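Take a look at the structure set out below.
The values are calculated or read from the model by the stated rules, or taken from the named source; none is laboratory data. Since the model is a prediction, treat every value here as computed from it, not as a measurement. So basically every Cβ, Gly included, is an ideal-geometry build from the backbone, and we count neighbours across all protein chains shown. Remember, those area values only see protein heavy atoms, side chains included, never the ligands or the DNA or RNA. Shrake-Rupley method; radii C 1.70, N 1.55, O 1.52, S 1.80 Å.
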Number of protein chains: 2
Amino acid sequence: MAITIKDIARESGVNISTVSRALNDAYGVHQETRGHVLAVAARLNYYPNRVARGLKTRRSHTLALIVSDIRNPFFAEVTRGAEDAARAGGYDLVLCNSDLDPRKQMEYVASLLEKQVDGILMNSVADLSRKQQDQLAASGVPIVLLNRSTASKSFSTVCADNEAGGAMAAQYLLRLGHENIAHLTGPRRHGNLTDRARGFLRFLKAANAKQGITVLHGENSFSGGQTLTQKLLRQQPEISAIFAANDLMAFGAIRAMLELGRRVPEDISLIGFDNLELASVVHPPLTTIHQPKYEMGRAASEMLLRLARNQSKPGSQHLLLGVELIERESCRKRL
Amino acid sequence: MAITIKDIARESGVNISTVSRALNDAYGVHQETRGHVLAVAARLNYYPNRVARGLKTRRSHTLALIVSDIRNPFFAEVTRGAEDAARAGGYDLVLCNSDLDPRKQMEYVASLLEKQVDGILMNSVADLSRKQQDQLAASGVPIVLLNRSTASKSFSTVCADNEAGGAMAAQYLLRLGHENIAHLTGPRRHGNLTDRARGFLRFLKAANAKQGITVLHGENSFSGGQTLTQKLLRQQPEISAIFAANDLMAFGAIRAMLELGRRVPEDISLIGFDNLELASVVHPPLTTIHQPKYEMGRAASEMLLRLARNQSKPGSQHLLLGVELIERESCRKRL
DNA sequence: ATAGGATTCGGAATCGTTTGCAATAAGGGG
DNA sequence: CCCCTTATTGCAAACGATTCCGAATCCTAT
C-alpha cells in the first residue's frame, strides 16, 4: 500500500489539510511546519496520487494526440514536438492512431473524454460527418486541429502555409528557367495538397508563364508518386521539372525516373514538399519545401495548454507557420 | 457539469450502487431495472468518469511507453504495435521520449507512477545506474523491456533474435561466395548490436571462413555508416561485402559508396538489419534482416497487460522473436 | 493590557465511483 | 403456513487528494 498524505499527517502530527498545503506550497502554512512535513514526506518516500488529485481538481494533466499513423515520419516529427511541449508544461501525452477512420476517431474521443483529458490534438476532422463534428465541438474539451488551414469556428488550428509553399516551388522552378512543368498531387479532397497546388498554379499564372503545366492526381504516397511519374513521362517525355506535393511522392518519382533511365537533376528537376529527414538521405538529396513539423507540434501543444488552462480567451485561435525552400541537389538550371 | 451516476440514480429512482452495478453489468441486478437504468443513462448522455473509477479500483487503464525518440522509424513501428494491442485491451498509451537520458527516464517513471499507470514499456534500462534499476524494480509497476535480450530477473523482456540475425547475414554472404567481408557496427556497449556482431562472427568462424574479416565500430546512424564506409574503403579497397548493423548505417554506406564511385551490388554487396520501411525505397533496394517491429510492440503490450491484470504468475517473462532474411537487390554473387 | 487583524491550523465536505454488508422481497420445500 | 435460500436493492464507507470555513494563536498598535 502506497504512502498517502494521511500517513504523513499522522507521522508529523498535523492535519492532512496542512500536509496538502505544505506539499503544494500553498499560502497559509508556517515555514517551520512546512519544512517538517516535507522532511517526513521525503523520509517516507511519498509521491502524490495524481488520480485522486485529478478527481478533485478536475484536471488530469494529460493531453491526447490523435494522428492517422505514427509510422508516417511526418507525424512522428509533429508528435515529438507536441510531446516535448506538453512535458514542458507538466502534462503527458497519450497517443492514438486513427488511420483516419471516422469511427475509430470518435471512439478515441469518447474514451479520452471519459479519462478526462484536458485537451485533444487531432490531425484532421475532415472525414467526420457534420454531425460528428458538432458532437466534438459540443463535448467541451479544447481541441486543436493540426495541419488544417480552413479556419474553423469551433476548433483551433495550427498549420503550415501550404499555399505559400506551393508558390515558392513555382518561383524556384521558374527562376531556373523551366518551361514544361508538372505537378504531382494527391486526391482532390485533400485540403493541404489542394492548397499547395493552388499556390503553385496561382504563382505560375501570375508570372504569365507561357509554359505547358500539367497537374496529375493520384495517391499521395511513394507508389503514387512512382505511378504518376511513369504515366507522366510516357505522355509527355519533354517535361523538364516536377513539383511533387510531398516528399514521399517525390521519392516515388525518383524511383520511377531511375527505372526509366531519366536522370535527376540532369534530365529532370524535382522538388518536393515536407522536408522529411530522408530527403537529405535519398539520392540525389531532394530540394524541397520545409514544413516546420516539430514546431507545428510544439505550437499546437502550447496552444492547447493555454486553452486547457483558460489562459486565453475562449473561441478558436489559428496559427499559420511559415515554410522555407531547402535547396539541395535535385534541381538544376534548364539549359 | 457532467452527468454522474448520482443524476442517473435520481432520475431512475434507484440507488447509485444499483446504477453502478447496472452499468458494469455486475451480478445481482434485475434485468428490468438494468434496462431502465441503461435507458436513462443513454437519455442523459452519460459517460463514466474513469478518474473516479480509477481512484477506487486502483487501475488507470493506461500503459506508458518510453522510447528514446519516436522519430526513429524503428520505434514508430514498435509504438504502433504497442498502441494497437493496448487499445485492443481497453488501455491507452502515453508516449514518452527519453533521448536515452537517464535523468529524463527516471523523471518520466516518477511522473507515470504518480499517474498510477498500470505498466511501463521501456526500450532500455542499460544506461541507468544499478541503483536506479533497483529503484525501478522496487516501484511495483510491471515493466517490460523492449529490445533487451539480457534476461533480467527484475524485468520482463521482448526482443528479436539479434544473434540469429547476425548469423543469417553471415550465412547469406558466405553462400554468395564473399571472402573479404566487413562488419560496420555501433558502440561496443550497445547490447543488441553486440549480439548481432557475435552471431555474425560466430557463424563465420564455425564455417571455417578463411576470409579476412574486419569489424569497425562507430556511430550507429546514417552518418556513422557513411563515415565508417569511407574509412573502410580507404583502408581496404578489396572488400567485397559489408554487413551493416542496422539499416540506417546501411543507408549511410550506400551514400558513401555512391560518392566513392563504388557500385552496389556490382562492386560491393551490402546487407542491413531491421528492414525499415525505407529499405525497399532506397536505391538499390536493400537486402536486410527483418525484425518484427510491429509484433515486438504488440507482444510487449500484451505481456504487460497480462502482468498488469495479474493474469500471469509473477516473476519476469522473456520472449524472443524470430528474424528473417529479406532478399532485395543490394547483394550479388561474388564473381 | 487589549482590541483587532493576520497567520496558522484542523474539521469536514467533496470529487464520482466501487463494494462489503445489511435489509428486504421473493420463491420453494416441508 | 413458516422457515430458509436466493435474488435484488439500499446504505455507507472507502479511494486520496483539495479546499472552504471557522477556531485558535500570534503579533502589533493603541
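Observations on the model:
- Interface residues in the range A:60-98 - accessible area drops by 50 Å² or more relative to the isolated chain, probe 1.4 Å: A:70, A:71, A:80, A:83, A:87, A:92, A:95
- Protein-protein interface of the range A:277-317, residues with accessible area decrease of at least 50 Å², isolated chain reference, 1.4 Å probe: A:281
- Pairs over the 21 Å Cα-Cα cut-off, from the set A:153/A:293; A:56/B:115; A:293/A:333; A:6/A:56; A:293/B:293; B:6/B:115: A:153/A:293; A:293/A:333; A:293/B:293; B:6/B:115.
- Per-copy distances of the residue B:237 label point, shortest first, in nm (7 angstrom along Cα→Cβ): 3.9
- Working note: 222 nm ellipticity from helices only, DSSP H runs with n ≥ 4, each -39,500 (n - 2.57), summed and divided by the residues of chain B, gives -14000 deg cm²/dmol to the nearest 500.
- Counting, for every residue in A:46-55, the Cβ atoms of other protein chains within 10 Å of its Cβ and taking the mean gives 6.
- Net +/- balance of residues flanking residue B:118 in space, Cβ distance below 11 Å, scoring K and R +1, D and E -1: +3
- Length gained when the stretch residue A:6-residue A:223 is fully extended (0.36 nm per residue, less Cα-Cα span): 72.0 nm
- Amide H partners (placed H, <5 Å) of residue A:275, local residues excluded: A:247, A:289, A:291
- Cα shape, the range A:162-292, gyration tensor, a/c 1.5 rule: rounded
- Alpha carbon convex hull of the range A:5-48, volume per residue in cubic angstrom: 57 Å³
- Heavy atoms of residue B:6 accessible to a 1.4 Å probe, total area in Å² rounded to 10: 140 Å²
- Accessible surface, chain A, averaged per residue in Å² (probe 1.4 Å): 45 Å²
- Of B:125, B:158, B:281, the one that fluctuates the most in a GNM where chain B has Cα springs shorter than 10 Å: B:281
- Sorting B:45-51, A:270-276, B:115-121 by their mean Cβ neighbour count within 10 Å, with the most densely packed peptide first, gives A:270-276, B:115-121, B:45-51.
- Relative contact order of the range B:200-335, pairs being alpha-carbon contacts under 8 Å that are 6 or more residues apart, as %: 22 percent
- Shape call, the protein assembly as shown: gyration tensor on alpha carbons, a/c limit 1.5: oblate
- Here the protein assembly as shown has 50 percent of its accessible surface on carbon and sulfur atoms, given a 1.4 Å probe and all protein chains in place.
- Under-5 Å amide H pairs with residue A:319, H placed in peptide plane, nonlocal only: A:157, A:158, A:159
- Computed 3J(HN,Hα) for the range A:41-46, one whole-Hz value per residue from the Karplus formula 6.51 cos²θ - 1.76 cosθ + 1.60 where θ = phi - 60°, is 4, 5, 4, 7, 6, 7, glycine and proline marked x.
- Taking every residue in A:116-126 and counting other chain Cβ atoms within 10 Å of its Cβ, the average works out to 1.
- Chain pair B, A: total accessible area buried, heavy atoms, 1.4 Å probe, Å²: 4300 Å²
- Here the 3J(HN,Hα) profile of the range A:88-93, calculated from phi with Karplus coefficients 6.51, -1.76 and 1.60 at θ = phi - 60°, is 4, x, x, 10, 10, 10 Hz, Gly and Pro shown as x.
- 10 Å beta-carbon shell around residue B:257, net charge (K/R +1, D/E -1): +1
- The solvent-accessible area of residue B:106, taken with every protein chain present and a 1.4 Å probe, is close to 30 Å².
- Accessible area of residue A:283 in the full protein assembly, 1.4 Å probe (Å², nearest 10): 110 Å²
- Taking amide H atoms as placed 1.01 Å from N in the peptide plane, the amide H of residue B:324 lies under 5 Å from those of B:290, each 5 or more residues away in sequence or on another chain.
- Taking the C-alpha atoms only, the angle from helix A:102-114 to the longest principal axis of chain A is near 20 degrees.
- For the set B:4, B:18, the ranking by accessible area, highest first and with no ligand, DNA or RNA atoms included, is B:4, B:18 under a 1.4 Å probe.
- Förster-model FRET efficiency, 22 Å R0, residue A:188 and residue A:103, C-beta, rounded to 0.05: 0.40
- Under the Karplus curve 6.51 cos²θ - 1.76 cosθ + 1.60, θ = phi - 60°, whole-Hz ³J(HN,Hα) for the range A:67-77, x wherever Gly or Pro sits: 10, 6, 7, 5, 6, 6, x, 4, 6, 4, 5
- Residues A:136, B:201 ordered from highest to lowest accessible area at a 1.4 Å probe: B:201, A:136.
- For residue A:260 and residue B:234, the FRET efficiency from 1/(1 + (r/R0)^6), where r spans their Cβ atoms and R0 equals 22 Å, is about 0.05.
- Against the main long axis of the alpha-carbon atoms of chain A, helix A:191-206 sits at an angle near 40°.
- Rounded to 10°, Cα long-axis angle of helix A:293-308 versus longest principal axis of chain A: 40 degrees
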